[in-house]
Amino acid sequence: MATADRSAGALDRRDEAPNVELAEELVAREDKAGIAEVVALVRSGTSRQRNDGMKVLYEIGARRPDSVGGYCPVFLEALASSNNKQVWGAMAALDSVAEQRADTLVAELPRIMAAADKGSVIAKDRCTSISVKLARAGYAQRPCRSRSSGSRMRRPTSFPHMPRKRQAF
C-alpha cells in the first residue's frame, strides 16, 4: 500500500493514530522513499493530504530529526500557508530539527518569527522553543546575517507578538 493511502484521511479516520503509526514505521524502516512521498504530499496534495503529511513529518522529526532535517525548505514554505494547521505543523517540524539545522534556521529567523506572530499559540510556543535551541547552539552570542543580502540584521530583543515594556525616565 502506498504511503499516501495509509494516512488518516485516506483511511477516512478522524483521529491521528494512522499518521503516528505511519511515522513510526517510516522511522523504523529508515524509508527515505516513503518520507519523500510524504513530502510530495505536503507540497502538492489536497488540504487533508497536506495536513496528514505534515503530521507524519513532524512525528518523524520528533523520533529521528536527521530523517527530515533536509526538508527545511518544505517546512519554511508551509509557514506562508493560510492553513493554520500547516503553519503550526511546520513550526513543530522546524523545532524538531532546530539543533541540527541551526545555521539554516537562524538565517530564516525573521520569517519564522513573522509566521509565529500571525499564527496560533502552538506556533508561538514552537517559535519560542526554536529560539531557545538556536541560543543554546551559540547564536545568542553571534550576529545574525540575512541570508539573501548578507547584511547584518538587528537581533530581535523580544518576539514581535510580545509588547515591549516601556522604560520609566
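Any read-out appearing in this document is the output of simple, stated calculations on the displayed coordinates, not a laboratory observation. Bear in mind the structure is a predicted one, so any value in this text is a computation, not a measurement. Cβ sites come from the backbone with ideal geometry, for glycine too, and all protein chains shown count toward neighbours.
Details
- Between region 1-65 and region 81-145, the alpha-carbon center distance in angstrom: 22 Å
- Distance (nanometres) between label positions extended 7 Å along Cα→Cβ at D66 and T46: 3.7 nm
- Ranked for footprinting exposure by Cβ neighbours inside 10 Å, fewest first, Y58, Y139 give Y139, Y58.
- P(r) tail fraction, region 3-139 - alpha-carbon pairs more than 24 Å apart, %: 23 percent
- The charge dipole of region 3-139, taken about its Cα centre with unit charges on the Cβ of Lys, Arg, Asp and Glu (plus for the first two, minus for the last two), comes to roughly 360 debye.
- Bins of 5 Å from zero: percent of alpha-carbon pairs in region 1-71: 3, 20, 35, 27, 13, 3, 0
- Exposure proxy ranking, count of Cβ atoms within 10 Å, fewest first, for R50, R63, R126: R63, R50, R126
- Rough spin-label spacing in nm, given labels placed 7 Å along Cα→Cβ, for A135 and A28: 3.9 nm
- Amide hydrogen neighbours beyond the local backbone of A8, cut-off 5 Å, H modeled: N19
- In this label model, K85 and S120 are separated by 0.9 nm, measuring between points 7 Å along each Cα→Cβ vector.
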